[in-house]
Amino acid sequence: MTEKLVIVGAGVAGVNAATKLVDNGFPGENITIIDMGKDPYRRPYSEVMTGFLGAGGWSDGKLTYHTAIGGHMSKYCGEEKAMELFDEVINNFKRFHPKPEEVQCSNPVAEPDFIKPYFGLRLFPVWHVGTDYLHEIGKNWYDFLVDKGVEFIWETKVTSIDFDQQELFIGEEETFINPKNWPISYDRLIFAVGKSGIDFGKQLADDYTLPTEPKPVQIGVRFEAPQKHFQKLIDISYDFKLYRKFDEGVSLRSFCTNNNAAYVAVEETYGNHSYNGHAKKDEAFRNDMTNFGILMEIPGIDEPFKWSRDLVKKVNKEGTGLFYSPTRKPSTTSEGETVSAVTIDEMDEIRDAFQGYYKYIDDFIDDMKKVFPTLGDDWGVYVPEVKYLSPEPLVDYDTLALIDYNNVHFVGDALSARGITVSGAQGNYVAEWVLQCMEDAEYIEHGDIINW
């Protein structure tokens, strides 16, 4: 008897897990995936937070290929195994890619001297899938899983989970469309929510008093400027990551760099706007702009999740975020619409909201002007960019299962992954464990002892 597996979240982590399972003989009809968004055929381009392949797999096309970036995969399984799991994620994106030959890897090897006086430059390989292909990849991948019998429940929010009774509840009972399927039971659960479900993960941690590891605040801005100012560095490292660390323990990094056809994107989480970015591969979209996040990591904040939420609320005005530039206006999206933002002339309200921490971003930008002397005042910032990291639940390193519930596995954003490759690798890691359990159970069953 094969167990019933439920995956909460159809993002990169959950989808990779399901794919590895069905590839290795786990019956697809025993897998149910629940997501608040839509399938890739009905998901609008602008709906970047929920739906098949989550946020990263829908609007970003860069897969980082190093264990020091995007979350701590190697701490669970070691360097060699982590890289093996990364390869599986990358191969899946190639497998469902309409033109896999166009997936390329950049691998800068030398830190340039002109950076060194002001920044560290983190160099690592990056696989470039191509944003323009992500939606076709999603359709091909989705069709594969459906053909394998995987059940998807779309536009549905899981509101509570009973770990003891192994049941999860969808929506409110009085409004649930199909009561005969309520609640949904499971033998094993993979909790693979994205950014939009981080508050739910925190709720579960509180409800079950799960042991957790506090995480630092990660917040900042999305910086945008004409690409020409950064071309010297882009030629060395396309997805460059500038890095600074201050004596006070605060560190800053540039994050998710987009070039050539680079666009700022609005994300809506918990009813507030924040910013991210993506790049198009099609030359028709070329705008010769560069954008990247400037993210601060701030340790030692009490209730970092709440602190970040409160800050984001303060820098939202008239239902959207803020834009500041000494000389520029907000840019347009890849659909030709002005990026949603309220333009401000002074930075005082932003600095007040950041409670003294914005001085580090000011220093970062001032030093960029020294390293890239043509930059001057030819730039703008969209405020805020944020990575919500709720306290990370402590898990068994071999299974990523909760300490007190060995059939509940946390992966992806729910386990503080901060990138496509790490999220997918965590999903594959859990799938590998489930397959091993299945193999062991079959061995025991054939030995006339017991099954599952």
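Could you pull out every one of the strands (runs of 3 or more DSSP E) wholly within segment 227-287 that has 3 or more residues that are touching a residue at least 24 places away in the same chain (Cβ under 8 Å) and in contact with an Asp or Glu (Cβ under 8 Å, 6 or more places away or on another chain)? It comes to 251-258, 272-279. So, TYR358, is that one without any contact (Cβ under 8 Å) to a residue 12 or more places away in the chain and in contact with a helix residue (DSSP H, G or I) (Cβ under 7 Å, 6 or more places away or on another chain) or not? The answer is yes for TYR358.
Taken over segment 18-55, the criterion of being closer than 20 Å to ALA417 by Cβ, open to solvent by less than 20 Å² (accessible area, probe 1.4 Å) and more than 16 Å from the chain's Cα centre (by Cα) is satisfied by ALA18, THR19, LEU21, ILE33, ILE34. May I ask you to verify whether ILE403 is under 30 Å from VAL386 (Cα atoms), open to solvent by 40 Å² or more (accessible area, probe 1.4 Å) and touching a strand residue (DSSP E or B) at 6+ places or on another chain (Cβ under 9 Å)? So ILE403 passes the test.
So, LEU121, is that one out of contact with any Leu (no Cβ under 9 Å at 6 or more places or on another chain), farther than 23 Å from LYS157 by Cα and touching a residue at least 40 places away in the same chain (Cβ under 8 Å) or not? No: the conditions fail for LEU121.
Taking the condition touching a strand residue (DSSP E or B) at 6+ places or on another chain (Cβ under 6 Å), at positive phi and either of a type in the set (Phe, Trp, Tyr) or surrounded by 15 or more Cβ atoms within 10 Å (Cβ to Cβ) (or both), does GLY70 pass? Judged against the criteria, GLY70 is a match. Of all residues in segment 405-428, one or more are without any contact (Cβ under 8 Å) to a residue 24 or more places away in the chain and either farther than 22 Å from SER274 by Cβ or out of contact with any Pro (no Cβ under 9 Å at 6 or more places or on another chain) (or both). One residue stands out among those in segment 371-400 that are without any contact (Cβ under 8 Å) to a residue 60 or more places away in the chain and under 30 Å from ASP345 (Cβ atoms): the one that is most open to solvent (accessible area, probe 1.4 Å), which is PRO373. Is there a residue in segment 181-188 that is more than 23 Å from SER106 (Cα to Cα), without any contact (Cβ under 8 Å) to a residue 60 or more places away in the chain and open to solvent by less than 20 Å² (accessible area, probe 1.4 Å)? Looking for residues that are more than 23 Å from SER106 (Cα to Cα), without any contact (Cβ under 8 Å) to a residue 60 or more places away in the chain and open to solvent by less than 20 Å² (accessible area, probe 1.4 Å), one finds none in segment 181-188, hence no.
On inspection, ASP199 does not qualify as modelled with pLDDT of 90 or more and surrounded by fewer than 20 Cβ atoms within 10 Å (Cβ to Cβ). When ASP302, ASP310 are screened for being closer than 24 Å to LYS245 by Cα, free of Cβ contacts under 8 Å to residues at least 40 places away in the same chain and among the charged types (D, E, K, R), only ASP302 passes.
Out of PHE114, PHE119, one residue alone is over 30 Å from GLU268 (Cβ atoms), among the aromatic types (Phe, Trp, Tyr) and touching a strand residue (DSSP E or B) at 6+ places or on another chain (Cβ under 7 Å). It is PHE119.
Condition check for GLU337 on (1) open to solvent by less than 60 Å² (accessible area, probe 1.4 Å); (2) closer than 21 Å to THR269 by Cα: one failure, at (1).
The values are calculated or read from the model by the stated rules, or taken from the named source; none is laboratory data. These figures come from a predicted structure and were not determined experimentally. With ideal geometry, Cβ positions are generated from the backbone for all residues, glycine too; neighbour counts draw on all protein chains shown. These area figures cover heavy atoms from the full protein model, side chains too; ligands, DNA and RNA do not enter into them. Shrake-Rupley method; radii C 1.70, N 1.55, O 1.52, S 1.80 Å.
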